[in-house]
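Report on the following structure.
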Amino acid sequence: MCAARERRCVWRQRALLCCVLLAAWEVAWGQLRYSVPEELPKGSFVGDVAKDLALQLAALRDRGARVVSADRTQYFALHANSGHLVTAEKLDREQLCEGVQRCVLRCEVIVEGEMKFYGIEVEITDINDNAPSFREAEKELRMSEMTAPGSRFSLSKAHDPDVGVNSLQSYELSGDEHFSLSVQVGADGEKRPELVLAKALDREEAAFHELVLRAIDGGEPARTGTARIRVSVLDANDNAPVFSQAVYAVRVPEDVPVGSTLLTITATDVDDGLNADVKYSFKEISTKASKVLYLDPKTGSIRLLRSLDFEEGDSYEMEVHAHDTGELFDTATVSVSVTDVNDNAPEISVRSALSEISEDAPPGTVVALLHVQDRDSGTNGEVRCSIVESLPFQLERALDNYYSVVTSRELDREEVSEYNVTVWASDGGSPSLRSSAVLALRVLDVNDNAPVFAEARYSARLPENNAEGALVLTVRAWDADWGQNARVRYRLAEGRVRGAPLSSYVSVQAETGALYALRSFDYEEVREVGLWVRAEDGGAPALSSNVSVRLLIVDENDNAPQVLYPPSSAAAAGAGWTGVELAPRSAEPGALVAKVVAVDADAGQNAWLSYELAKATEPGLFRVGLHSGEVRTARSPLARDAPRHSLVVVVKDQGRPALSATATLTVVLAESVAELLSELGSAAAPAEPGGSLTRWLVLAVAAVSCLFVAFLLLLLALRLRRWRRSQLLPPASGALRGVPASHFVGIDGVRAFLHSYSHEVSLTADSRKSQRRWAADSCCNTLPARPPPDKAAPLLGEDAAGARGAPPDALPVSQSLRTPRRPPSRRLPPFLLIAFPFQLSFLAAEVCFRARHRFIW
């Protein structure tokens, strides 16, 4: 007794050890097995995958893990927080594994970060959730009264989707003593009920018999199903139909068209009349086969109701029943075998895939895990996978039907930013079928490209007097990178303009590259600004590039012409000048009277000046040169012309719009200075009181008297010195009498800016050497050139004497005394030396008069 116990303990230890070793072997190979009953609600616990596979929960959460299966419906899910495998759908064993004794569902656990997978098998155990049921709840049997006792009649067997103990176990019959129940057990263990006639029938005693057939399963509690049987007693029909063969077998391809006749069964009845009329029907047929096959009750042909699918069912087996009108029958077996046709393309499932990859990822980086399968069998189910060779990816076989997609070379996002990798799978059928899966992969950017400007250099023209903040131009730079690495910002390089920082003149908008003027530019001060703009991306480290920008200031007509001569009224008032010009009445047409001088601070066309006479006392008497500004006589003055003329000359530039300035000239027609003074005096006398004029004349006469006395003393001293030298030295025949030329006295007058009209008067003791010379280089081409050296200059006395009778081409006086040109003079008579102080007196009077009237000498 003790030995037997010890042997049992040893066997138990060995069995436990084998189970442990088997579990360890399965875990080592990544294979787990669980068992759960059917009809569990969604989310029910199946197994602790993390514990059984020794996986860290943190790794499952961070790297990601999920459950995939080859079926279209996912029945399980993995909780990343707990590592538990739970049901994702309510499991019905009868629906999942119809007709299968052992129901096993397979799935895989994919760990995303580690690119690993583990196989899991879950067995669905049966529970007694289905009661036995009959295909026909009510059945009517017709029996001849001649039926011998002990005759057997086949009944419809009950169907219980459950398996094992929960399946159908027994039948019971109740209702009548004429019948008993016999249950036959086939070779496959299937129980088939038969109705046995226990007692002879007598139609006259009972035409109908009501029976109840009950089917009972072995569950706890047991479930039952019932069928009502009505037995009608007929007159005698003693011959049953007989099938031509006991088993009908046929093989058809799965692509046979719908409606085709697969085979025809035949049965014969030797009876005559109605008792020989045979009808056909299915006696035993599965639900799946009943949806696919149809039996014609009259002809016995079996036709196809819908397409066959080898992958869903490769064979169908059923029992057919042939019976006559007397309910005599015969039974045969029909077997339909389906042959495979290459009608299923390979299926590609993406188990795990990356959506992004850095462009600096090394070759060999795994980007996706693929599972490939073909539902066909044999050669039709052999699958080959491939990728287009031009792409930087390749396939590597991982395990059985798993493939890894890896990079074959380095990536460049600037060359290709996104890849649509197409994986092709083709089977070995003829013709071959193929399918594809597309992997969308985006390449992440690395900052390996500096910004590039759209132009090698920029140039812009900016009109002067621009508004502060005006847009000058926009520089554009592009970065071939992406995202933050392609975000370009602009800034100015350091520089200075006219000693001031460049940033005080212009600025650049950091985001758009727009260059703005911070101040209003003046072409007359700054004509060109050169600067550098730097474009810098947002990478780390940042990359940058520079471009030169040349800013040209464009001149605008913002400066009106400025008249230099004659000066404006304010300037003339401050300087004591009123702009009076002298024109002889004997002047010929085209004689120069004055010249208006003006400048314009602008440049180019804006500085081109034109002159025109806007207003004149006598419109036809004077004209102005369009481009020279010279005021000339248009005709000879007439006696009826007024002695005093006011001319308004307009100076315009060529800008758009044109700017202008005016100059006012007063021209007096007079033949001599005395007449000029008389005219000016008559014009100014009403404005001055008599006492003031007398005071100025007394001062002038006193000054002239002083000068005359000084002149007489000087003249007497020179004469005495000459007489003394003539007494000491012998006389020389060729010697000049009088003082040397170095003692000549000169008087020079200057009129105005750019215009000076002057003459020299030389006096000596000998009146024959007295002469006057006109300066030739100080008139700016407004006076005739000095006479040739071989011609003597006009004498001063003759000039004074002939002032009133000057020729018509006499020149005007601008800011000094003007004297008409005279022909070459003769020697000055001695008595004219006495008249010279009087001429000086007139000159002094003129000076006083002009000083009184704020003229400049």
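The values are calculated or read from the model by the stated rules, or taken from the named source; none is laboratory data. Given the structure is predicted, the values throughout are model-derived calculations rather than measurements. As a convention, Cβ positions derive from the backbone with ideal geometry for all residues, glycine included, and neighbour counts pool all protein chains shown. Please note that ligands, DNA and RNA were not included when accessible areas were found on the heavy atoms of the full protein model with its side chains. Shrake-Rupley method; radii C 1.70, N 1.55, O 1.52, S 1.80 Å.
See the values below:
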| quantity | calculated |
| --- | --- |
| Cα-Cα separations in the range 205-253 greater than 18 Å, expressed as whole percent | 67 percent |
| Relative contact order of the range 389-432, pairs being alpha-carbon contacts under 8 Å that are 6 or more residues apart, as % | 28 percent |
| Packing-based ranking, highest mean first, of 281-294, 551-564 given that Cβ atoms within 10 Å are counted | 551-564, 281-294 |
| Over the range 295-450, relative contact order from alpha-carbon pairs under 8 Å, at least 6 apart, % | 23 percent |
| Cross-link pairs beyond the 24 Å C-alpha cut-off, checked among K157/K279; K42/K291; K90/K288; K199/K279 | K42/K291; K199/K279 |
| Heavy atoms of Y419: accessible area, 1.4 Å probe, square angstrom to 10 | 30 Å² |
| Proximal lysines relative to K116, as straight alpha-carbon distance under 22 Å, when same-chain residues fewer than 8 apart are discounted | K51 |
| Set of aspartates and glutamates with alpha-carbon distance to K191 below 16 Å, sequence-local pairs under 8 removed | D160, D162, E172, D217, E284, E319 |
| Volume per residue that the Cα convex hull of the range 120-273 spans, once the total is divided by residue count, Å³ | 192 Å³ |
| Under 9 Å, Cβ to Cβ, from D314 - net charge with Lys/Arg +1 and Asp/Glu -1 | -4 |
| Normalised convex hull volume, the range 39-131, alpha-carbon set, Å³ per residue | 95 Å³ |
| Contact order normalised by residue count of the range 466-598, Cα under 8 Å, 6+ apart, percent | 21 percent |
